[in-house]
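**Q** Before I ask anything, here is the structure I am working with.
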There are 8 protein chains.
Amino acid sequence: MSVSSEDREPQVGIVMGSNSDWPVMKAAAETLNEFGVTFEADVVSAHRMAAEMIDYGTQAHTRGLRVLIAGAGGAAHLPGMLASVTPLPVIGVPVPLAHFDGLDSLLSIVQMPAGVPVATVSVGGARNAGLLAVRTLASGTDTQAAALRDKLQTFQADLAAQAHAKGEALRS
Amino acid sequence: MSVSSEDREPQVGIVMGSNSDWPVMKAAAETLNEFGVTFEADVVSAHRMAAEMIDYGTQAHTRGLRVLIAGAGGAAHLPGMLASVTPLPVIGVPVPLAHFDGLDSLLSIVQMPAGVPVATVSVGGARNAGLLAVRTLASGTDTQAAALRDKLQTFQADLAAQAHAKGEALRS
Amino acid sequence: MSVSSEDREPQVGIVMGSNSDWPVMKAAAETLNEFGVTFEADVVSAHRMAAEMIDYGTQAHTRGLRVLIAGAGGAAHLPGMLASVTPLPVIGVPVPLAHFDGLDSLLSIVQMPAGVPVATVSVGGARNAGLLAVRTLASGTDTQAAALRDKLQTFQADLAAQAHAKGEALRS
Amino acid sequence: MSVSSEDREPQVGIVMGSNSDWPVMKAAAETLNEFGVTFEADVVSAHRMAAEMIDYGTQAHTRGLRVLIAGAGGAAHLPGMLASVTPLPVIGVPVPLAHFDGLDSLLSIVQMPAGVPVATVSVGGARNAGLLAVRTLASGTDTQAAALRDKLQTFQADLAAQAHAKGEALRS
Amino acid sequence: MSVSSEDREPQVGIVMGSNSDWPVMKAAAETLNEFGVTFEADVVSAHRMAAEMIDYGTQAHTRGLRVLIAGAGGAAHLPGMLASVTPLPVIGVPVPLAHFDGLDSLLSIVQMPAGVPVATVSVGGARNAGLLAVRTLASGTDTQAAALRDKLQTFQADLAAQAHAKGEALRS
Amino acid sequence: MSVSSEDREPQVGIVMGSNSDWPVMKAAAETLNEFGVTFEADVVSAHRMAAEMIDYGTQAHTRGLRVLIAGAGGAAHLPGMLASVTPLPVIGVPVPLAHFDGLDSLLSIVQMPAGVPVATVSVGGARNAGLLAVRTLASGTDTQAAALRDKLQTFQADLAAQAHAKGEALRS
Amino acid sequence: MSVSSEDREPQVGIVMGSNSDWPVMKAAAETLNEFGVTFEADVVSAHRMAAEMIDYGTQAHTRGLRVLIAGAGGAAHLPGMLASVTPLPVIGVPVPLAHFDGLDSLLSIVQMPAGVPVATVSVGGARNAGLLAVRTLASGTDTQAAALRDKLQTFQADLAAQAHAKGEALRS
Amino acid sequence: MSVSSEDREPQVGIVMGSNSDWPVMKAAAETLNEFGVTFEADVVSAHRMAAEMIDYGTQAHTRGLRVLIAGAGGAAHLPGMLASVTPLPVIGVPVPLAHFDGLDSLLSIVQMPAGVPVATVSVGGARNAGLLAVRTLASGTDTQAAALRDKLQTFQADLAAQAHAKGEALRS
């Protein structure tokens, strides 16, 4: 699938420390596509290109991005570092690595000091990161927000319908 | 301090399972006050008033609320249950109780299934929950959003200034 | 195997958030079948159909159900939410998901606040959930209870006999 | 408070390894008192009087007890050992000791092998153990059960009322 | 391999809750064989044959056994229960089961209350359990003890030689 | 209390990394005193006097010691290092330090590689370490062993009597 | 005590996110003073002054610093971020905060991705951080290094002497 | 690959408890090769050849080694024991074994007492151990140090270039 919505300005930036995180993180991109939210995806490594990472975070809102989604594993510093230099909401996705099943990633992302929030989702929860970005845009006051709120409610109704169908399948 | 911004419509709902969570959660309210964001605070217990809790979540966006902040401890179900019935972004604050130092609260809030995101902050991180709500509103396209973005950047500059002052104090 | 005992009124409700939990949860159904206890099994998702979940819990005892068994994983809210709206005993089964080996599920189920008990069994312990439901019915004062107590004692004698046979097999 | 309901036959046995567990476990007794359920409380140590413990478990149902509540800490063997010799439902209360905050107690109680269930409640959750015993008796078919179901629903309504009052207190 | 040393009186009893533990526990038997220490191996389940388990423990020293090795997993009660009824040293082997990688087994075995010690070895550490039994017998004052001490020192010299050989292999 | 049994040859060596461990470790000494087992207590630091520590372990059995008890906290290397150079049984006591409540101490002591066993007791379990040393000596074939077995059975009967008395106190 | 060695060029930079970390971190400074190693101490916050933090790390070696010591708590990003922009060895000190006893700090510091090492010491282990900085300088080829190696060996001999004295105190 | 740099004096000693650790530890050797730093690799087991291990540590600096890298798993005592007898910086690599995913190894290595530092890297982080050794040598005052600092900066620039290339690959 595409890692950006090429013709239109991206509203969400999906970043990760390495393209090896993409198998986890692409669920965020797919979700944004489902809701028609434009995005860009990129490798922005806190530990391998710190200055560019700071620049990415500092400039994100001036480039028109409205939400950042950052995935990272182990000593996962990317979401928190971005959050420290942007006024945008930053959503952190703990990526599970070879050891500790993502617990290190989770704690490294969620236990931020007062002043610098990261909206953390579950280990490997990139789909929920995408949905949280949609909800964030949907909390606005513009027509896109209203449209997204409607889509979210349709989405939630679909989830319920799927759950009902699963129940039916189980009972039959 | 006040638990609501009485004259104006609340934009953020701060809810918790018991008023015993208020000593933790009031930091969210104080933060919203600092940024001039209106809010309401209430006890909405997932386990003691489930139907009203569902109603609160279902109606939140129709009442004009734009972000929910929910604090809960132990088997902390309030943030996730609200997230399941509202299209709004829900911010979850793991409240530490007598045992496990908030680890149970954290996992109960952050490990949500795909489809129902909760934006989780650190254990006891109500101040960051407030800031995340501000960032969410600041990600919008209206004039309040632009004003909040400015305030957030001033806030971040103040954090930097305080850190510099602390360094000076340490060095002198 | 069948997911209900069709001709007779179910005494136990086995519910889970998704039919993907059935491979774990069917052990509860099999156990009830072994003891001749009637049951129904269904998908009742706390996070995808919250209102119906509340209804299911609220009405369970009026429909003649006497015990609920609820399986859930991750931020596992189903057992506790059902317990909050029913006077019936609710047995919670922590289902292990892709990460944390069920520790998140366990803590999300067992660490309920005072007032709303969930009878928690081991991670993946659906067979024990079935047995606990049988013991609950067997603690009654009616003839079914007496018969189940006898069956449970036979069952326990069988477990001992199997253990003896295993010892014999080991020694020979 | 009294540790038994002297004039009438006890329906619930509350046991613990030492009277030092009583400050935690008495909440179970108080709860049973609230609901008018008779009980006995005793020290039955798995590790200091194993044979008597086995006898206690083996004979419990023949003495008219219908539910056992067992509290234990650390390598907490009492609930599981009782469950292995009685057909009654056994409710386990993990008692927190000087180290590990009850995690060892919880795992030692809840992770029972298939065949021998223990209905585990939260660390220190003796009040919920009492309520679970009440729910168990309330799941029966006799008039006491019906009366207890009514009381449980009143109890749940009271919890809701208290939560409402707390909300009011918070808002005012 | 054989699970006992048939012609001679066993000095060590190796017990486990199920023959499914044998693949882990047989390393203890193999070790005793290496050192010429007689043993018996049997299934003695704390949860499936509690009374026999108590009998096994109570009579072990009268039958001439001098050390017990007990393997168990999950809510692992066998080592501690045996320790409570025998004056013999009991060595506990935490067996890893499907979840939690043996942490529940370890805590259930090692965290015994004051008065009832269990000599706990590592998760799955049956070989070390066998060696600890040998060391225990070797700490005596008789000729077998002296012989075992010699063998243990030869064994330790062999370990050193193997480590040297591994170093050589690595360097060449 | 005395840290040795001066007039007679010590049978048990109690060692620890610092005299700051003595408040925990003295329970081992008290227990040996209760049973009339001679001992010596000393500071033998793995990390501050490694060569002497190796010497202590290497010579322990030649000096007539029959069991070693070693207490250590944090990265607790003393029990395992002693076990690597002595043929005697080594009992390890995890001492809890300022952080992690002894979990680091426990894992550093119990998770020994195959070949080098440490008989680990609970966090802070020095009394059980003393009792395990007594059981070890009691497993011998000499008259002291027989006498200690008798004392251990009296001790166990006393534990039962105390438990009965606690039950009586609770019931009255 | 002084937070720098004013007259001479600092060789070690001790940095932390806030002066509230100083009570933990000053042990590093004291240790460097003991060994006559010059240092500077400053507040350099990853989350409150990210750009300056990057500058600090980038320029450290050009300013003559040879080792960095960085203390941080919770989602502790400072040591890893500095390590990503400096060629100097960076020593990370996990500072324990209000929850999780430093486990989050430890994992956030130690679990760095391949390519960017942080030399992590124990939770709160600032003294060892100082000693590690001394050892690092002592591993050099210049006269200071040789002098520091001598001092380190004297220091180790003193530790041994203290341990011996503690043993004497215990035995007397 | 070679386990030593045969013609020249080794500057770094890479040691491990068994050659079974080599698949993890060889990444340290490869890294040193990349930077042209000489090394030796050997099996030095704390638990199987304690006296030689002490000798290895005691003599390391007299043999010209300047940094030690020690890998160990489970109750991982090698790094700390070496650190206690050498003035050299010791880098510890927690090797993950069959259980606990390296958490036991990590805590056994990192939680060293004040006075004896070990520079701990991530679980399985042998490559970072190698890089930390390089940074240590690079912190010196000689020409090799200056050359290594240059190489490290080239290395860091390469990491950044690779991250950029990965971003490009992701975007295209």
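**Q** List the number of the failed condition for residue A:154; all other conditions in (1) within 8 Å of chain B (Cβ to nearest Cβ); (2) open to solvent by 10 Å² or more (accessible area, probe 1.4 Å); (3) hydroxyl-bearing (Ser, Thr, Tyr) hold.
**A** Here residue A:154 clears every test but (1).
**Q** Tell me which residues, restricted to the stretch F:113-128, are out of contact with any Lys or Arg (no Cβ under 9 Å at 6 or more places or on another chain), over 27 Å from residue G:100 (Cβ atoms) and either more than 7 Å from chain E (Cβ to nearest Cβ) or open to solvent by 10 Å² or more (accessible area, probe 1.4 Å) (or both).
**A** F:118, F:127
**Q** Here's a follow-up. Which residues, taken from the stretch B:98-111, are open to solvent by less than 10 Å² (accessible area, probe 1.4 Å) and either free of Cβ contacts under 8 Å to residues at least 12 places away in the same chain or within 13 Å of chain A (Cβ to nearest Cβ) (or both)?
**A** Residues of the stretch B:98-111 open to solvent by less than 10 Å² (accessible area, probe 1.4 Å): B:102, B:104-110.
Within the stretch B:98-111, B:102, B:105, B:106, B:107, B:108, B:109, B:110 meet the criteria.
**Q** Looking at residue D:27, is it more than 27 Å from residue F:100 (Cα to Cα) and part of a strand (DSSP E or B)? So that I can check it myself, show each step before the final result.
**A** On the way: more than 27 Å from residue F:100 (Cα to Cα): yes; part of a strand (DSSP E or B): no.
In short, no.
**Q** I'd like to check something: does the stretch B:90-97 contain any residue that is buried (at least 24 other Cβ atoms within 10 Å of the Cβ), farther than 14 Å from residue B:125 by Cβ and touching a residue at least 24 places away in the same chain (Cβ under 8 Å)?
**A** Filtering the stretch B:90-97 down to residues buried (at least 24 other Cβ atoms within 10 Å of the Cβ) leaves B:90-95.
Subsequent filtering for residues that are farther than 14 Å from residue B:125 by Cβ retains B:90.
Now narrow it down to the ones that are touching a residue at least 24 places away in the same chain (Cβ under 8 Å): B:90.
Yes, because at least one residue in the stretch B:90-97 is buried (at least 24 other Cβ atoms within 10 Å of the Cβ), farther than 14 Å from residue B:125 by Cβ and touching a residue at least 24 places away in the same chain (Cβ under 8 Å).
**Q** Look at the stretch G:73-89 and say how many of its residues are open to solvent by 10 Å² or more (accessible area, probe 1.4 Å) and of a type in the set (A, V, I, L, M). Talk me through it step by step, then tell me what you get.
**A** Residues of the stretch G:73-89 that are open to solvent by 10 Å² or more (accessible area, probe 1.4 Å), as a first pass: G:73, G:84-85.
If we keep only those that are of a type in the set (A, V, I, L, M) as well, we get G:85.
Total meeting the criteria: 1.
**Q** Among the residues of the stretch C:56-111, what is the count of those that are of a type in the set (D, E, K, R), more than 14 Å from the chain's Cα centre (by Cα) and farther than 26 Å from residue B:118 by Cα?
**A** Quick first cut of the stretch C:56-111, residues of a type in the set (D, E, K, R) only: C:63, C:66, C:101, C:104.
Now drop any that are not more than 14 Å from the chain's Cα centre (by Cα), which leaves C:63, C:101, C:104.
Pick out the ones that are also farther than 26 Å from residue B:118 by Cα and you get C:63.
Qualifying residue count for the region: 1.
**Q** While we're on this one: Which condition number does residue H:42 fail, the rest of (1) outside any strand (DSSP E or B); (2) within 14 Å of chain E (Cβ to nearest Cβ); (3) among the acidic types (Asp, Glu) being met?
**A** Condition not satisfied by residue H:42: (1).
**Q** Something else now. Of the residues that make up the stretch E:130-146, is at least one within 18 Å of residue E:69 (Cβ to Cβ), touching a residue at least 24 places away in the same chain (Cβ under 8 Å), open to solvent by less than 10 Å² (accessible area, probe 1.4 Å) and within 14 Å of chain H (Cβ to nearest Cβ)?
**A** yes
**Q** Something else now. Would you be able to tell me the number of residues in the stretch A:124-172 that are over 21 Å from residue C:15 (Cβ atoms) and either among the aliphatic types (A, V, I, L, M) or at pLDDT below 95 (or both)?
**A** The first filter runs over the stretch A:124-172 and keeps only residues over 21 Å from residue C:15 (Cβ atoms), leaving A:124-155.
Checking which are either among the aliphatic types (A, V, I, L, M) or at pLDDT below 95 (or both) leaves us with A:126, A:129, A:131-134, A:137-138, A:145-148, A:152.
Result for the stretch A:124-172: 13.
**Q** Something else about it: For the stretch A:157-165, state whether one or more residues are open to solvent by less than 50 Å² (accessible area, probe 1.4 Å), under 18 Å from the mean Cα position of the chain (by Cα) and within 10 Å of chain B (Cβ to nearest Cβ).
**A** Applying the first criterion (open to solvent by less than 50 Å² (accessible area, probe 1.4 Å)) to the stretch A:157-165 yields A:159-160, A:163.
The next check asks that each one be under 18 Å from the mean Cα position of the chain (by Cα); those that pass are none.
No, the stretch A:157-165 contains no residue that is open to solvent by less than 50 Å² (accessible area, probe 1.4 Å), under 18 Å from the mean Cα position of the chain (by Cα) and within 10 Å of chain B (Cβ to nearest Cβ).
**Q** Across the stretch D:1-34, which residue is surrounded by the most Cβ atoms within 10 Å (Cβ to Cβ) among those that are of a type in the set (D, E, K, R) and modelled with pLDDT of 90 or more? Step through it out loud before you land on a result.
**A** We begin by selecting, within the stretch D:1-34, every residue of a type in the set (D, E, K, R); these are D:6-9, D:21, D:26, D:30, D:34.
Still in the running and modelled with pLDDT of 90 or more: D:9, D:21, D:26, D:30, D:34.
Numbers: D:9: 10, D:21: 24, D:26: 20, D:30: 14, D:34: 14.
Within the stretch D:1-34, the match that is surrounded by the most Cβ atoms within 10 Å (Cβ to Cβ) is D:21.
A quick yes/no check of all residues on (1) within 13 Å of chain C (Cβ to nearest Cβ); (2) under 26 Å from residue D:95 (Cβ atoms); (3) of a type in the set (S, T, N, Q):
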residue: E:19; (1), (2), (3): yes, no, yes
residue: E:29; (1), (2), (3): yes, no, no
residue: E:46; (1), (2), (3): yes, yes, no
residue: E:87; (1), (2), (3): no, no, no
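**Q** Oh, and also: For residue H:37, are the conditions met, namely being within 7 Å of another protein chain (Cβ to nearest Cβ) and modelled with pLDDT of 95 or more? Write out each step before concluding.
**A** On the way: within 7 Å of another protein chain (Cβ to nearest Cβ): no; modelled with pLDDT of 95 or more: yes.
So residue H:37 does not fit the description; no.
**Q** On the given criteria, is residue H:84 touching a His at 6+ places or on another chain (Cβ under 9 Å) and either farther than 27 Å from residue F:52 by Cβ or in contact (Cβ under 8 Å) with a residue 60 or more places away in the chain (or both)?
**A** Working: touching a His at 6+ places or on another chain (Cβ under 9 Å): yes; either farther than 27 Å from residue F:52 by Cβ or in contact (Cβ under 8 Å) with a residue 60 or more places away in the chain (or both): no.
Here the answer is no, as residue H:84 does not meet what is asked.
**Q** Being away from chain E (no Cβ under 11 Å), under 30 Å from residue E:106 (Cα atoms) and in contact with a Ser or Thr (Cβ under 6 Å, 6 or more places away or on another chain) is true for just one of H:50, H:76, H:60, H:72. Which residue is that?
**A** Numbers: H:50 fails: away from chain E (no Cβ under 11 Å); H:60 fails: under 30 Å from residue E:106 (Cα atoms); H:72 fails: in contact with a Ser or Thr (Cβ under 6 Å, 6 or more places away or on another chain).
Step by step, each of H:50, H:76, H:60, H:72 is checked, and only H:76 is away from chain E (no Cβ under 11 Å), under 30 Å from residue E:106 (Cα atoms) and in contact with a Ser or Thr (Cβ under 6 Å, 6 or more places away or on another chain).
**Q** Which residues, taken from the stretch D:42-62, are touching a residue at least 24 places away in the same chain (Cβ under 8 Å) and open to solvent by 10 Å² or more (accessible area, probe 1.4 Å)?
**A** D:42, D:47, D:48, D:54, D:56, D:58, D:61
The values are calculated or read from the model by the stated rules, or taken from the named source; none is laboratory data. Source: prediction; values computed, not measured. Positions of Cβ are backbone-derived with ideal geometry, glycine not excepted, and every protein chain shown enters the neighbour counts. Remember, those area values only see protein heavy atoms, side chains included, never the ligands or the DNA or RNA. Shrake-Rupley method; radii C 1.70, N 1.55, O 1.52, S 1.80 Å.
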